[in-house]
Structures are given as C-alpha cells and as structure tokens.
Amino acid sequence: MSGHDHDHAHDHAHDHGHDHGVAQDADRRWLAVALALIGAFMVGEVVVGLLVRSLALLSDAAHMLTDAGAIVLALVAMRLAARPPKGGYTFGLKRAEILSAQANGLTMLILAAVLAVEAVRRLFHPPDVVGLPVLVTAVAGIGVNLLASWALSRANRTSLNVEGAFQHVLNDLFAFVATAIAGLVMVTTGFTRADPIATLIVVALMVRAGLGLVRASGRIFLEAAPSGIDPPALGERLAAMAHVVEVHDLHVWQITSGEPALSAHVLVAPGRDCHAVRAAIEELLRREYALTHSTLQVDHAGAGPQDPDAHCEDAHGVAYRST
C-alpha cells in the first residue's frame, strides 16, 4: 500500500470513528430518556398494584423491571463495545452488544413462561380484581410506553443491542393495551378471566420477539453469514472474475450487527497481476455486498492441475474454481 493510500485509509477510518462516536452518544441519550420514563412509572405501578391487589399490574411492573434491565444492559454493552481493541481482544468488546441482545431475548422467553403458567392458573381460579384502578393505570402505562418506544426508535435499531431493548418496551406497550382492554371488560361486565386471557396474548408476542433476538444473536455467535449474503453464490461469482483460477477458505461473518467481514484465499492465473485482481475483488465486495472489511490472501496458481493442498494444509469448506 502506498503512503498516499495509507494516509487516505487512516483519514477515512478517523472520520468513520468520529461519526460512529457521535451516533453512539445520541443512542445513549435516547436510551437514558426511555430508562427514566420506565423507572418512574414502574414505582407508581407497584404501589397501585399492591393497594388494589392486582396481579395484572404487578406482573406489568415486573415486565417493566425487565425493560429497565434491558436498557441498562444495552447502555453497559454500548460502553464496552466502544472501547478500543487491546491485549487479546483484537476486535475490542464489540460482541458485548450481541451478548446483551441474547440476554434480552432469553429474559423475555423466561418471563413469558412464568406469565403463561400464572395466566393458565388464573383461568381456572379467577381472582377478585378491582377493574377501575387496573384500567386507569394501564392507560397511563400505554402513554409512558409510547413515549419510551418513541425514544428508543430514535436510537440506531440496526444494532441488535438497541433492538433488544426496543422489543422489550414494545412488548410492554402491547401488555398495557391488553391490560387496559381487560380492565375495561372487568369494569363493564365483571368478567375477571379477561385478565389472564390478555396475559396469554402478550405471552405469544413475547415468545415471538424473544425467539427472534435469540436466533439473530445466535447466528452472529456461530459466525453465520449475514442475511442477504449467500456464500456459495459469492464464491462462484469471485471464481468467475477475470484471471481468477480458484477461491477457497471463503468465510463471511459478522463481527457485530452491521459489521460484516470476509476472508478468502484467491489463486490467480500465472503471469497475471495479483494486486489488480485483489483490487477488483475488493471493489466488487464493497460495491455489491457492502463488505468493506475483507482480508484476501492472493497467490499465483501453480502450473498443471490445481492442488489446493500446495497452498493450504487444511482448506475450510468448498473450493470454487473458474469454469
């Protein structure tokens, strides 16, 4: 790489880092706003729930506690992910955000299981619940969760971490809508089973959101290719490029949400310019796949039949050859 290229790359990296830092600060502010709204309302809800002996309100408050925990976890993960790489952590602690997303998904699934068991029990043994305070508190809860959801939607939701916190608060919003409807039914008809029926609807929504987060974070931990990139198709596309003889050891993964990376070993026809081929591949990856973080080992292919073992002792995966 020439000195000019190096300087340009350094400037680009510096600019990108600055922009990312500003965005992270804005994200942290929006998360803090949502946390303050939820924390204040949760305390009031516990008081009302205890006074009128409403399990619906107390379980909503418990759900809000997990919302608050999810946002705190997201904030801590953001701080960790922003730390520069050092020591053995050559990527820094970027995956702290994915750990946070996975923890959010798992707590949502555990809470859904607890609420489902309690809701089924209440279907068989409906308790005495005072409907009006439940209705009033739930309507206030809808307002607070709408504000908190709006604050979180202002943050960068392409981050799985922020998306995890957002899903928690959004599910709480649905929970309050269901609780408000149940409160209204109890006030007008005295049908107390409306309370557990509403809870079961919310449980279904929580399971869906929780599974989505666990699956998405699991793909990143298992080094799966980002959705939208098909490695076999990409391998064949690279092998079909001018002067490329073979591509093997092709790996596409995500360091963290929104940061895809690629590495590959490329064999070039004898006598052709390896650097020009590498530049062409990098340009294709950047332009068509938004892959700006690529590590390519480029060598000349030997004469005669291709033998990948001559280059790699243990090539991983498929070797893609030009036809």
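The values are calculated or read from the model by the stated rules, or taken from the named source; none is laboratory data. All figures in this text were calculated on a predicted structure; none of them were measured in a lab. Note that each Cβ is placed from the backbone with ideal geometry, even for glycine, and that neighbours are counted across all protein chains shown. For accessibility, only protein heavy atoms count, side chains too; no ligands or nucleic acids. Shrake-Rupley method; radii C 1.70, N 1.55, O 1.52, S 1.80 Å.
Quick rundown of the values:
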{"read-out": "Selected residue (only one of 93, 115 is touching a Lys or Arg at 6+ places or on another chain (Cβ under 8 Å) and either surrounded by fewer than 20 Cβ atoms within 10 Å (Cβ to Cβ) or not basic (Lys, Arg) (or both))", "value": "93"}
{"read-out": "Filter result for residue 65 (in a helix (DSSP H, G or I), open to solvent by 70 Å² or more (accessible area, probe 1.4 Å) and under 28 Å from residue 122 (Cβ atoms))", "value": "yes"}
{"read-out": "Tabulated pairs, the range 165-191, first modelled with pLDDT under 90, second among the aromatic types (Phe, Trp, Tyr), C-beta under 8 angstrom, 6+ apart or interchain", "value": "185/191"}
{"read-out": "Residue in the range 104-156 that is modelled with the highest pLDDT, counting only those that are small (Gly, Ala, Ser) and closer than 16 Å to residue 202 by Cα", "value": "113"}
{"read-out": "Failed item, numbered, when residue 168 is tested on (1) over 21 Å from residue 121 (Cα atoms); (2) open to solvent by 10 Å² or more (accessible area, probe 1.4 Å)", "value": "(2)"}
{"read-out": "Residue identified as within 20 Å of residue 118 (Cα to Cα) and in contact (Cβ under 8 Å) with a residue 60 or more places away in the chain among 220, 229, 197, 201", "value": "197"}
{"read-out": "Residues (part of a helix (DSSP H, G or I) and either crowded, with 18+ Cβ neighbours inside 10 Å or touching a residue at least 40 places away in the same chain (Cβ under 8 Å) (or both)) located in the range 150-159", "value": "151, 152, 154"}
{"read-out": "Some residue of the range 246-263 being assigned to a loop (DSSP other than H, G, I, E, B) and more than 30 Å from residue 151 (Cβ to Cβ)", "value": "no"}
{"read-out": "Residue 210 out of contact with any Ser or Thr (no Cβ under 6 Å at 6 or more places or on another chain), at pLDDT 85 or above and more than 24 Å from residue 28 (Cα to Cα)", "value": "no"}
{"read-out": "Residue 109 vs. criteria in contact (Cβ under 8 Å) with a residue 12 or more places away in the chain, in a helix (DSSP H, G or I) and of a type outside the set (Asp, Glu)", "value": "yes"}
{"read-out": "Lone qualifier among 80, 123 - being assigned to a helix (DSSP H, G or I) and either in contact (Cβ under 8 Å) with a residue 24 or more places away in the chain or closer than 22 Å to residue 41 by Cα (or both)", "value": "123"}
{"read-out": "Single match in 268, 187, 202 (criterion: in contact with a helix residue (DSSP H, G or I) (Cβ under 6 Å, 6 or more places away or on another chain), open to solvent by 40 Å² or more (accessible area, probe 1.4 Å) and among the aliphatic types (A, V, I, L, M))", "value": "187"}
{"read-out": "Number of positions in the range 205-253 that are hydrophobic (A, V, I, L, M, F, W, C), closer than 22 Å to residue 290 by Cβ and open to solvent by less than 60 Å² (accessible area, probe 1.4 Å)", "value": "15"}
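Yes/no matrix, rows are residues, columns are (1) modelled with pLDDT of 85 or more; (2) open to solvent by 40 Å² or more (accessible area, probe 1.4 Å); (3) under 30 Å from residue 216 (Cα atoms):
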| position | (1), (2), (3) |
| --- | --- |
| 27 | no, no, yes |
| 30 | yes, yes, yes |
| 41 | yes, no, no |
| 49 | no, no, no |
| 99 | yes, yes, yes |
| 102 | yes, yes, yes |
